[in-house]
Amino acid sequence: MKNIILFDNEIRDRLLPLTYLRPVSELRIGILTIREKWERQLGGTVSYITRDYLAEKYPIDYGTENYLINASALPSDQLCRLINQMDFNEAFLNGEELIAAKLSEQQFERLINDEDFNELNGVDLAGTDYIKIDHIWDIFRYNEKAIQEDFNLLTRGRKSQPLSDTNQVIGKENIFVEEGASVECAILNASTGPIYIGKNATIMEGCMLRGPIALCEKSVLKMGAKIYGGTTIGPVSKIGGEVQGTVIQGYSNKGHDGYLGNSLVGEWCNIGAGANNSNLKNNYDEVKLWSYIDERFVKSGQQFLGMILGDHSKLAISTTINTGTVIGVSCNIFGSGFPRNFIPSFSWGGAQGFTTYKTDKAFDTVDRVYARRKKNFEVEDRLILLRVFEDTAKYRRWEKKD
């Protein structure tokens, strides 16, 4: 078994707010998380180099032979073949950015202790086919390709569970159903890309799916849901209404009608009935998005870009979210009208203004939500959220006026 160490670099800050509570490698794109992809592709165990406040939950573990891999790079067959052939002291580069290196125990210790370390022989990966995430919108932009690659990886040499005759199916060969999944009276069109239905997932009557789509373990599509290509629904989620080109990390609900497009949703989120987001400006212009690095809105180069919803955040019924809106961790958004396009973490309110969502009340909600899924709100998770609350205080500018 290879010892794989997935490291975060400055790109981590471009992926906020989704990386406030997790390393980059714990993000889901396609069917699997980045960590799960590397574990399967290289046949190893993973540990992390990440921000200090995440390190207790996501520690480093190194040994005599270590594969140091950039967490914003996704494995491909070609890239993995090159990594498997690496020698000690060798490094693969994307321009000046490190993608992978093979290090001995002594070399790794010198690296993490900030000692002089320039022994690596760098090789540029120009021409190598793999997905590289450089901006947060890359997660949904590359999601169709990632679904296809994960589908090939997970289904190779395996046989799908049968679909019942109650369903209308196009492209049956591109549909894979895991054990325990239930699919009845649905329309599934996999002619445009694969459809993956995870273990113990449920697709209720009247659902319409057009691939590529990933519905992960124990997730549910509610009756009449319309799911378009490029969509990933992470594990233990309940989804209804219309969803297109969106990645939901997991443990989140959008159980009713409403549109969600070209968006990213963290874990433990809830989107109320009738909530909608815009993913295209009325003038068809390029969408600007809040940058945590620049602390201002920057051009994304994207014409279609919906909302980014951080972990533990909630949208009340009939909430309307404008194009290119970034909502941080543990927010509660409600009321009529469009709220601002950047909503800091631990915000409570809407278009009429915000107050601070105090940690005692926010943590009480987390406790209740976790209990519903038979999970514990551990001390380390509380400490991580407290750190995020402190680090994001500078964005809650109303606090300075109080």
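The values are calculated or read from the model by the stated rules, or taken from the named source; none is laboratory data. Every value quoted in this text rests on a predicted model; they were computed, and no experiment measured them. Positions of Cβ are backbone-derived with ideal geometry, glycine not excepted, and every protein chain shown enters the neighbour counts.
Of all the listed residues (D129, D87), the sole one being touching a Ser or Thr at 6+ places or on another chain (Cβ under 6 Å), charged (D, E, K, R) and within 21 Å of Q41 (Cα to Cα) is D129. Looking across the range 196-217, the residues that are within 20 Å of the chain's Cα centre (by Cα) and either small (G, A, S) or not assigned by TED's automatic domain parsing to the domain that holds S164 (or both) come down to G198, A201, G211, A214. I'd like to check something: does the range 297-318 contain any residue that is within 26 Å of K226 (Cα to Cα), surrounded by fewer than 16 Cβ atoms within 10 Å (Cβ to Cβ) and either under 18 Å from the mean Cα position of the chain (by Cα) or β-branched (V, I, T) (or both)? Yes, the conditions are met somewhere in the range 297-318.
Only a single criterion out of (1) on the phi > 0 side of the Ramachandran plot; (2) without any contact (Cβ under 8 Å) to a residue 40 or more places away in the chain; (3) of a type outside the set (D, E, K, R); (4) buried (at least 22 other Cβ atoms within 10 Å of the Cβ) is not satisfied by G230, namely (2).
Between I49, I112, the distinction of being of a type in the set (V, I, T) and out of contact with any Phe, Trp or Tyr (no Cβ under 6 Å at 6 or more places or on another chain) belongs to I112 only. Considering the range 87-165, the qualifying helices (runs of 4 or more DSSP H), each wholly inside and each with 2 or more residues that are modelled with pLDDT under 95, run over 105-112.
When the test is whether a residue is of a type in the set (G, A, S), over 18 Å from N143 (Cβ atoms) and modelled with pLDDT of 95 or more, G211 does not pass it. Listed by position, the strands (runs of 3 or more DSSP E) inside the range 248-333 whose residues that are of a type in the set (A, V, I, L, M, F, W, C) and touching a helix residue (DSSP H, G or I) at 6+ places or on another chain (Cβ under 8 Å) number at least 1 are 264-267. Being crowded, with 19+ Cβ neighbours inside 10 Å and outside any helix (DSSP H, G or I), is that true of even one residue in the range 35-43? Within the range 35-43 (the criterion being crowded, with 19+ Cβ neighbours inside 10 Å and outside any helix (DSSP H, G or I)), the answer is no, since none of the residues qualifies. When Y48 is tested against the conditions (1) in a helix (DSSP H, G or I); (2) within 18 Å of the chain's Cα centre (by Cα), the lone failure is (1).
Cβ-Cβ contacts under 6 Å between residues 6 or more apart (or on different chains), taken from a first residue in the range 293-318 that is more than 28 Å from N9 (Cβ to Cβ) to a second residue that is β-branched (V, I, T), are listed as L315/I271; L315/I333. Taken as a whole, the structure leaves S336 outside the set of residues that are in a loop (DSSP other than H, G, I, E, B) and at pLDDT 95 or above. Within the range 137-177, the set of residues being within 23 Å of L74 (Cβ to Cβ) and either more than 26 Å from the chain's Cα centre (by Cα) or among the charged types (D, E, K, R) (or both) comprises D138, R141, E144, K145, E149, D150, R156, G157, R158.
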